[in-house]
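The values are calculated or read from the model by the stated rules, or taken from the named source; none is laboratory data. Quick caveat, the model's predicted, so the values are computed rather than measured. Cβ coordinates were reconstructed from backbone atoms using ideal geometry, including for glycine residues, and neighbour counts include every protein chain displayed.
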Amino acid sequence: MRWVTRKQPHVDRCASAWLIKRFIDPEAEFTFIERHDPIPEGAIAFTLPGAEIKPMEGVSTTYDALMERYGVTDPVARAMQAAIRDFEIDAAEDLSRVRRPESAGIALILRGLARVSDSDEQIVERAMVILDALAAEMRARGMTLSL
């Protein structure tokens, strides 16, 4: 299925792409558009005006919306959700306010991908590797995220 989101993906959108690809739609292909571009016909849109799947400012992340909408219950996906929420909602994207040390690490790495990548597609491709590695380590540690 074709999924569409805004250009320049950062923390929530990178994590959401990972969640989609690993738990919702393994064949997902991602397209990136400007915030106010029309949503392509037949695409599932997230984190765009008019999209059904989007964050609620100060209340929930796109990752939260995807978890709920698609009934994802995997413990690693839930642990990742807690870290994304901590940075995006609880700390309002302020690294000095995160409560979980891993939240800051995840945020710094995912944001940094924009600085070392040539395209939005490459950002998400690299985020997949990073989040897969994190998920593998979490599974090895009994699915807990806190260090």
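Table for the structure above
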item: Condition met for A82 (surrounded by 13 or more Cβ atoms within 10 Å (Cβ to Cβ), of a type in the set (A, V, I, L, M) and under 13 Å from the mean Cα position of the chain (by Cα)); result: yes
item: Members of region 19-60 found to be among the polar types (S, T, N, Q) and crowded, with 19+ Cβ neighbours inside 10 Å, listed by number; result: T47
item: Members of region 16-66 found to be within 26 Å of A92 (Cα to Cα), part of a loop (DSSP other than H, G, I, E, B) and charged (D, E, K, R), listed by number; result: E34, R35, E52, K54, E57
item: Residue in region 92-99 that is part of a helix (DSSP H, G or I) and among the charged types (D, E, K, R) present; result: yes
item: All positions within region 94-110 that are surrounded by fewer than 17 Cβ atoms within 10 Å (Cβ to Cβ) and in contact (Cβ under 8 Å) with a residue 24 or more places away in the chain; result: P101
item: Tally, over region 69-87, of residues that are within 19 Å of E57 (Cβ to Cβ) and either touching a strand residue (DSSP E or B) at 6+ places or on another chain (Cβ under 9 Å) or not in a helix (DSSP H, G or I) (or both); result: 2
item: Qualifying residue in region 42-56 (condition: in contact with a Cys (Cβ under 8 Å, 6 or more places away or on another chain), at negative phi and at pLDDT 95 or above); result: no
